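*Asks:* First the structure, which I've put down as structure tokens, then a few questions once you've had a look.
The values are calculated or read from the model by the stated rules, or taken from the named source; none is laboratory data. Fair warning: this is a prediction, and the values are worked out from it, not measured in the lab. Cβ: placed from backbone, ideal geometry, glycine included. Neighbour counts: every protein chain shown. These accessible areas exclude ligands, DNA and RNA; they are computed on the full protein's heavy atoms, side chains included. Shrake-Rupley method; radii C 1.70, N 1.55, O 1.52, S 1.80 Å.
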Amino acid sequence: MATRPLEAAELAALLSALASECDPREQLSGRAGDEGWPVDDQWRQYLLSLSAEAVSRCELIGLHHASDNQAMPTSLRRLCSTVSDASFLLAGEERTSSPGAVSTGAIGTIAIKRCRSEAKEVQVTALLRAATGTEYARQCRVRRVVDVGCGRGHLLAELKSALQVPALGLDIDASLLDSARALYLDIDFRVHDVLEEGLLPLLHEGDLVVGLHPCGLLGEVIVEAVAAHGSCAMLMVPCCVHKQRGSLRAARSRAGRELKLELTPSALKKASMALDASATVAPRRARHELRELFRTRGVDIDSEGGGAEMEGVQSRVAKRGLAELAAVALKKRGLPPPTVQELQVAASKSRPDFEARRRISLLEVVLGELLELVVIVDRALCLAEAGHSVRLFRAFEATASDRNLAIMAEPTRGLRSEGAAVKDGESGSEIGSCASQAEESPSQAKDTQRSVV
């Protein structure tokens, strides 16, 4: 974590450095296998020259964190250095640290144990530590917790218990909220479409707005609402930044707009890539071999587009190798099972092209982290420009989720001192719960709002 809040000027300088590596823009949208990509042929030749050992190392830790090879073109080394420096700046000395983390002995209540996976337990625990350890919380300035995309409410229940304040959970999925209400009777859960109905009208002074993996545009709405309000805190770990409306994601900060930092969803999709590509090599190889097998069988798989080889086949089957994957995929198309010779030929013929793509794809991961950092810093700067004290840090290990960059924003103005409780009639309760002001609305199934905990 950053050991101190980052000033707006620091964030603007960081955003400018990152933005300088976003040109040419066609570089951002390309993918391994596209003709003429990478745009710089020197980059391509360098990547293709990497040894098997170097490729494996880069897949494990990232080309940008393993860019000590003097043969690397200067412009590519600059890109890798910029992304790596920014990544480590935000991670700090301890990648799993969070602001004022509480001891693990204080964590582990029933709500966390109800999480449906160990990874989700880690994520909820990390955000709980981050929220309860801030100066904002220690000064008792939190008067209510608002969880946008609350899902079943486990994170919200933990925060309500730890901070001893009212809680409001918002989600568009009525069935999830039915489950949440059955689990946590003392929390106000509301069906509310933030993308259509907004968030700002629901916010009151002293709110702590939280979001665990709000997708794309939902994250933008949360940041803009907190920035506009001015007297709310925010803790958010975003994801899926490519889920935007329209053909471009516009910058949210003034500095970002001055840089004309507009990014396409197709480019931003790279920001959702796994940072550790080593675990996907075997299934990617099997899928590449399967496409070659289809060609051998006379199937025009290339005209069907990317991913057509997996039509009707669950992605996990690719982890079992070509033989099993081919048997399932051919059966789905009504074709005879593969012979041993066909499997051997497919593996042999596809190997050179796969190894080339494997090397070129190392650049995609670098660009993916670049784009994720651009969006995170732009959002943080939007909040800093509005007067918030902002910290950026990695909330939990990548083993729990590759999307682990958190934004913590605390207001520096507008809050009344402790004990100046909001009276009945102002918002419906002594401590300032304003949930009753928002009427329930029908659930609208938009994936971009759901953040299931």
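*Asks:* Could you run through region 267-300 and say how many residues are without any contact (Cβ under 8 Å) to a residue 24 or more places away in the chain and over 17 Å from Pro337 (Cα atoms)?
*Replies:* Selection size over region 267-300: 3.
*Asks:* Can you go through Gln45, Gln27 and tell me which one is part of a helix (DSSP H, G or I), in contact with a Phe, Trp or Tyr (Cβ under 8 Å, 6 or more places away or on another chain) and among the polar types (S, T, N, Q)?
*Replies:* Working: Gln45 fails: in contact with a Phe, Trp or Tyr (Cβ under 8 Å, 6 or more places away or on another chain).
After ruling out the rest, the residue left standing is Gln27.
*Asks:* Under 6 Å between Cβ atoms, which residue pairs at least 6 apart in sequence (or on different chains) link something in region 253-264 that is under 11 Å from Ser16 (Cα atoms) and touching a residue at least 12 places away in the same chain (Cβ under 8 Å) with a partner that is hydrophobic (A, V, I, L, M, F, W, C) and not in a helix (DSSP H, G or I)?
*Replies:* Leu261/Ala251
*Asks:* Residues in region 379-400 that are open to solvent by less than 20 Å² (accessible area, probe 1.4 Å) and of a type in the set (Ser, Thr, Tyr): how many?
*Replies:* 0
*Asks:* Select from region 284-298 the residues that are open to solvent by 30 Å² or more (accessible area, probe 1.4 Å) and either more than 33 Å from the chain's Cα centre (by Cα) or closer than 18 Å to Lys331 by Cβ (or both) and list them in ascending order.
*Replies:* Scanning region 284-298 gives Arg287, Arg291, Arg295, Thr296, Arg297, Gly298.
*Asks:* Here's a follow-up. Test of understanding: among Leu263, Leu235, Leu325, Leu275, which residue is more than 30 Å from Ala9 (Cα to Cα) and out of contact with any His (no Cβ under 7 Å at 6 or more places or on another chain)? Working first, answer last.
*Replies:* Working: Leu263 fails: more than 30 Å from Ala9 (Cα to Cα); Leu235 fails: more than 30 Å from Ala9 (Cα to Cα); Leu275 fails: more than 30 Å from Ala9 (Cα to Cα).
Within the list Leu263, Leu235, Leu325, Leu275, the selection yields Leu325.
*Asks:* Scan region 345-377 residue by residue and report those that are among the acidic types (Asp, Glu) and out of contact with any strand residue (DSSP E or B) (no Cβ under 9 Å at 6 or more places or on another chain).
*Replies:* Within region 345-377, the first condition is being among the acidic types (Asp, Glu), and the residues that meet it are 353, 355, 364, 369, 372.
Matches in region 345-377: Asp353, Glu355, Glu364, Glu369.
*Asks:* Next question, about the same structure. Restricting to region 257-283, and then to whatever is in contact with a Leu (Cβ under 6 Å, 6 or more places away or on another chain) and crowded, with 19+ Cβ neighbours inside 10 Å, can you tell me which residue is nearest to Leu322 (Cα to Cα)?
*Replies:* Going through the qualifying residues, I end up with Lys270.
*Asks:* For Cys240, which of the numbered conditions (1) out of contact with any Ser or Thr (no Cβ under 9 Å at 6 or more places or on another chain); (2) open to solvent by 10 Å² or more (accessible area, probe 1.4 Å); (3) not β-branched (Val, Ile, Thr) fails to hold?
*Replies:* Result: Cys240 fails condition (1) only.
*Asks:* Sticking with this one: Counting only residues that are in contact with a His (Cβ under 9 Å, 6 or more places away or on another chain) and either among the aromatic types (Phe, Trp, Tyr) or touching a residue at least 24 places away in the same chain (Cβ under 8 Å) (or both), give me the helices (runs of 4 or more DSSP H) lying completely in region 117-221 with at least 1 of them. Even if it seems obvious, please write down each step before you answer.
*Replies:* Details: elements: 118-132, 135-138, 154-163, 174-183, 194-197.
Of the helices (runs of 4 or more DSSP H) lying wholly inside region 117-221, those with at least 1 residues that are in contact with a His (Cβ under 9 Å, 6 or more places away or on another chain) and either among the aromatic types (Phe, Trp, Tyr) or touching a residue at least 24 places away in the same chain (Cβ under 8 Å) (or both) span 118-132, 174-183.
*Asks:* May I ask you to list the residues in region 379-415 that are more than 17 Å from the chain's Cα centre (by Cα) and of a type in the set (A, V, I, L, M, F, W, C)?
*Replies:* Hits for region 379-415 are Leu381, Cys382, Leu383, Ala384, Ala386, Val390, Ala409, Leu415.
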